[in-house]
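The values are calculated or read from the model by the stated rules, or taken from the named source; none is laboratory data. Remember, it's a predicted structure, so these values are computed and weren't measured experimentally. Positions of Cβ are backbone-derived with ideal geometry, glycine not excepted, and every protein chain shown enters the neighbour counts. Quick note on the areas: whole protein, heavy atoms, side chains included, nothing else; ligands and nucleic acids left out. Shrake-Rupley method; radii C 1.70, N 1.55, O 1.52, S 1.80 Å.
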Amino acid sequence: MEYKLLTPGPLSTSTSVKRQMLIDHCTWDKDYKNITQEIRSELLRIANLDDEYTTVLMQGSGSFGVESVITSTVPKSGELLILVNGAYGKRMISIADFAGIKNTTIEVSDSEIFDKEDVKKVLEENKNITHVAMVHSETTTGILNNIEEIGEVVKSYKKVFIVDAMSSFAGVEIDIKNIGIDFLISSANKCVQGVPGFSFIICKKDSLENSKDNARSLCLNLYDQYLTMNKDGKWRFTSPTHTVLAFRQALRELEEEGGIKERSKRYRENNNILNREMEKIGFKLYLDKKVQGPIISTFLYPDGANIDFKDMYDFIKERGYIIYPGKLTEKESFRIGNIGEIYKSDIYGLISIFKEYLEKINYKKDFSNLEAVIFDWAGTTVDFGCIAPVEAFRDAFLEYGIEVTEEETRKPMGLLKIDHIREMLKMDRINSLWEEKYNTSWTEKDVKNIYEITEEKILENVKDHSEVKPHLLDAIELLRSNDIKIGSTTGYTDQMMEIVTKVAEKEGYKPDFYITPNSVNNMGRPYPFMIFENMKALKISSTKNVVKVGDTVSDIKEGKSAGLVTIGVLDGSSLMGLSKEKFDGLSEEEREEIREEVRKKYEEVGADYIIKDLSELGKVLNLK
């Protein structure tokens, strides 16, 4: 069975990279030596470096490359400062100790980055330090260390800077020259997306030349490897030919993807989706998001979940994915990488498997402290399809001779109405139509005029579009039976809500509190202030005990900005954009297609849960 490797390397590679390893090559052959030289040049090119730098390839794993640099560059009279916040920083200490290299360390916890003032202090106090070494992406936890800040300090003290960029080079943009890195080490089987077999070291030439008499190893002598390789591409000892060929293909595919910039973007998107979706289902990200890198994440188990890692690992492996055990000593954890031939669809596939596993062990997220649910109005609790404002916006623009589409009208839905109009006018097509018709750009006066027409239109038709949505009253009854308070926010004005609330109350829906943007200085969504006013009025103790339910992107953003769990509703939502009549006329297959489109929009803005309709609310909140 072929698995998706969600590890920090070795990682999943393309079929075309694997195919290169079917070819045999002789290490002495000119064609093969030319491939070596091509790789060396290409690594410098993608790193945006000139002829002040060179690349040396070194047989063995990434740790061989780190050991080669440390044991080849620090002089016998020198001293190495090692910055440590994980297992790979500690490995540097072991390498130095084993080679008899004097070293000093600055060690912080595995969830902290380094303070440049601490580095300054050590360098100021210890004049014998000649070299400083640190890990960029410390895969013990996934933390991305601050090499830019540290590099600035190292250069100001004129020390040699060694960076282990094993799992970050080609996956994160690194400005080697401006940071002042003298030796950067990475590996074939990391973000370039090759296979294991050799490491590579990007060296500043003058720093490499200065190290020529410092080596403590024959096979890992960096300077001698450079001298031999620089003549014609020959490696000093037998090289991993198949790995080299695969790596050349991987470099070509990196270029085809758009270079490091685009690959970095894909990895970051993968990581954002992974972290967001895992937290939705109860797993906890170990690191603060400010220091979380885009390569691999460490997760803690959900509170109250009885998880055996081996059992979970086997369950996931049987379904085609390989994850990584944790390296933390004090907390039960595991790690998931998102580099290599991994795409968003793979991450979503993995999340589905984790959901299956949690169902298997009967785990449910804890909502036992839930105090309140805050609903939106149009499209969520009333007005199936959010018809009233859409008709009003379209009619208002039409009075100005601009015909807007329903998609354009719905895109900013949920905002304060005047902000909604402003966002529509900024859209390229509408803006072009306006300039074409009036030979000038729109102004704030135009915004206000269109808003006044819109307000009139909504006031005219909102009474006919305030009927409660299916399943609302049952959902409210369930919440109240569990002593959960009902709050609400809206994009409507006070005047509009006077009409809406009266109609809704006649049909049996009356929340404990509602508020409009008028009461928060018109700072409506996506600002969190209407939610905070709900919490004050309902006497809610913590944002952890509140859930926001809505039918627009702005609803989800409002909930997120307040720190709430958010739930997006599919059927009858503004995002779906169908009236009750149109929705009822669709087949179930057609409905599912549209639901999937809406679901993606919620996922893009980080909705924690997505429900078909309000009949599923109780299940999500574990209510009986």
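Calculated FRET efficiency, residue 448 to residue 367, Cβ-Cβ distance, R0 = 56 Å: about 0.85 to the nearest 0.05. Spatially, segment 1-26 and segment 128-165 are offset by 31 Å when compared through their Cα centroids. Rounded to the nearest 10 degrees, the inclination of helix 344-360 to the longest alpha-carbon principal axis of the chain is 70 degrees. Working from Cα pairs under 8 Å separated by at least six residues, relative contact order for the chain is 14 percent. Out of the chymotrypsin sites (Phe, Trp or Tyr not before Pro) in segment 25-121, which ones are loop residues according to DSSP with at most 13 other C-beta atoms within 10 Å? Within segment 25-121, the qualifying chymotrypsin sites (Phe, Trp or Tyr not before Pro) (loop, at most 13 other Cβ atoms within 10 Å) are 28. Only residues of segment 300-315 count here: report those whose backbone N is under 19 Å from the spot 7 Å along Cα→Cβ of residue 284, or say none. Output list for this probe position: 300-309.
Checking the cross-link pairs 327/619; 190/331; 261/290 against a 30 Å limit on the alpha carbon distance flags 327/619 as lying beyond it.
To put it simply, the accessible area of segment 147-230 at a 1.4 Å probe is 45 percent carbon and sulfur. Only lysines eight or more places from residue 506 in sequence, or on another chain, were considered; those with a Cα closer than 27 Å are 417, 457, 463, 469, 485, 536, 539, 548, 580, 582, 612, 624.
Compared with the alpha-carbon gap, the fully stretched path from residue 604 to residue 330 is longer by 95.2 nm at 0.36 nm per residue.
Model label sites at residue 157 and residue 345, defined 7 Å from Cα along the beta-carbon direction, differ in position by 5.1 nm. Taking the DSSP beta bridges with both ends in the chain, the antiparallel portion is around 40 percent. Taking all protein chains in place and a 1.4 Å probe, what share, in percent, of the accessible surface of segment 416-542 do carbon and sulfur account for? Carbon and sulfur atoms account for 47 percent of the accessible area of segment 416-542. Note on residue 619 and residue 522: their simple-model spin labels are 4.3 nm apart, each label 7 Å out from Cα toward Cβ. Per residue, the solvent-accessible area of the chain (1.4 Å probe, heavy atoms of protein chains only, all protein chains present) comes to 43 Å². Within the accessible area of segment 285-394, the carbon and sulfur atoms contribute 43%, probe 1.4 Å, all protein chains present.
Label positions at residue 219 and residue 257, each projected 7 Å from the Cα along the C-beta direction, are separated by 3.1 nm. For the pair residue 238 and residue 315, the difference between a 0.36 nm per residue extended length and the Cα-Cα distance amounts to 23.7 nm. Taking the longest Cα principal axis of the chain as reference, the axis of helix 428-438 is set at about 60 degrees.
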